Amino acid sequence: MKPIRLAANRFPRFYRGGRAIDELRGRTPETGEAFLPEDWVGSTTTAFGSADDGLTRLKDGRSLGEAIKADPEGFLGQGHADAYGADPALLVKLLHAGERLPVHLHPDRDFARRHLGCPWGKTEAWVIIGADGPQPVVHLGFREPMDPGSLARLVTEQQVSVLLDSLSTIAVAPGDTVLVPAGTPHAIGEGVLLVELQEPTDFSVLLEWDGFAIDGRRQGHLGLGFDVALRAADRSRRTAAELDRLRAGRGPVRPGVERLFPAEADPFFQAERLRPAPAAALEAAFSILVITDGSGRLETRGGSLELGRGDTVLVPYAAGPGEVRGRLEAVRALPPTPEAAPARPSPWS
């Protein structure tokens, strides 16, 4: 199987952004594109409440999910297919915050199974690749423990300044990484451009919505009501040491390849930063490449592609081992390992 160059996959969201994605991809934004802040890359996941938004379409007209179901071993490899069925177990996005995102959180797998009938929660992680403005930041986790009544009151009364002040604020720059465990309240600051890896859902609980193009009281609780939805929140204090750990990578693993994210991300996804020196070897694996700078070439047993800044590429398992060469930088996103699958009959089959 050959590597597959992916077209942009964007659709309207309720917050502003997207200009930096256009710039990365080398295109001029059209009038009215202010609410296209995300590009879902190699996606078999739909937006919450939609039957189609979010799905990657291939040149032959099939959705990526349909293609994978027709050949799960070719796309994903036998080990992954045995563990997760025909599910890539991964969603990758480009995201540009044209305004600060609202404070929100995502449920974990246990909450999603019990309340949403889904085996996936939404742990996510960010690779910062651009930042407008003089002081780009993200907001992550409560600075002090938050009791349930106080959180419910802040949400119901939309006390936005108090809510935002209750979170830790972290300055970020290109090259930084952040792991965001499910349940952790967070917000991405205005001007930040990132590659996001996450579990393959679109589950979000809004803690803030005033001033955004969404009716949060009706749409912000996943149809569960806030009494239930807010139980998904991690209300514990995130210490400075914990925040440092969530931002820690693991360094070089072979020439030209750096492992991103701490080990606690492995049950959810994996990521590497590629900086060929002069080559970066790639083992056979389903993966998504996002070229963040420069140009070069991908060579695999199944075929080759020229690479340039802003390109997004799906590499099927059956493309075989290969390497990236050139003066470029890329993020390589991979699903969780088969060893990270639950040790019980798979709900993904």
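Please work out if residue 141 is in a helix (DSSP H, G or I) and under 28 Å from residue 259 (Cα atoms).
Numbers: in a helix (DSSP H, G or I): no; under 28 Å from residue 259 (Cα atoms): yes.
No.
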Cβ pairs under 7 Å, 6+ apart, first in the stretch 264-284 and under 17 Å from residue 128 (Cα atoms), second hydrophobic (A, V, I, L, M, F, W, C) and not in a strand (DSSP E or B):
269/90; 271/261
All but one of (1) among the β-branched types (Val, Ile, Thr); (2) open to solvent by less than 30 Å² (accessible area, probe 1.4 Å); (3) within 30 Å of residue 202 (Cα to Cα) hold for residue 324; which doesn't?
(3)
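Suppose we keep only residues that are of a type in the set (A, V, I, L, M, F, W, C) and touching a Phe, Trp or Tyr at 6+ places or on another chain (Cβ under 8 Å) within the stretch 206-244. Which one would you say is surrounded by the most Cβ atoms within 10 Å (Cβ to Cβ)?
Just the residues of the stretch 206-244 that are of a type in the set (A, V, I, L, M, F, W, C), to begin with: 206-207, 209, 212-214, 222, 224, 226, 228-230, 232-233, 240-241, 243.
Cutting the leftovers down to touching a Phe, Trp or Tyr at 6+ places or on another chain (Cβ under 8 Å) gives us 212-214, 222, 232.
Details: 212: 18, 213: 11, 214: 14, 222: 23, 232: 25.
This residue is 232.
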Taking the stretch 184-239 and keeping only residues that are in contact (Cβ under 8 Å) with a residue 12 or more places away in the chain, among the β-branched types (Val, Ile, Thr) and more than 16 Å from residue 123 (Cα to Cα), one is left with 192, 214, 228
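Out of 300, 312, 337, I need the residue that is of a type in the set (Ser, Thr, Tyr) and at pLDDT below 95. Which one?
After applying the criteria, what remains is 337.
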Among 98, 49, the single one that is open to solvent by 20 Å² or more (accessible area, probe 1.4 Å), modelled with pLDDT of 95 or more and at positive phi is 49
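Suppose we keep only residues that are touching a residue at least 24 places away in the same chain (Cβ under 8 Å) and either part of a loop (DSSP other than H, G, I, E, B) or within 16 Å of the chain's Cα centre (by Cα) (or both) within the stretch 56-70. Which one would you say is nearest to residue 206 (Cα to Cα)?
First, pick out the residues of the stretch 56-70 that are touching a residue at least 24 places away in the same chain (Cβ under 8 Å): 56-58, 64, 68.
Subset that is either part of a loop (DSSP other than H, G, I, E, B) or within 16 Å of the chain's Cα centre (by Cα) (or both): 56, 58.
Values: 56: 26, 58: 33 Å.
Per the stated criteria, the residue is 56.
The values are calculated or read from the model by the stated rules, or taken from the named source; none is laboratory data. Remember, it's a predicted structure, so these values are computed and weren't measured experimentally. Cβ sites come from the backbone with ideal geometry, for glycine too, and all protein chains shown count toward neighbours. Accessible surface areas use protein heavy atoms only, side chains included; no ligands, DNA or RNA. Shrake-Rupley method; radii C 1.70, N 1.55, O 1.52, S 1.80 Å.
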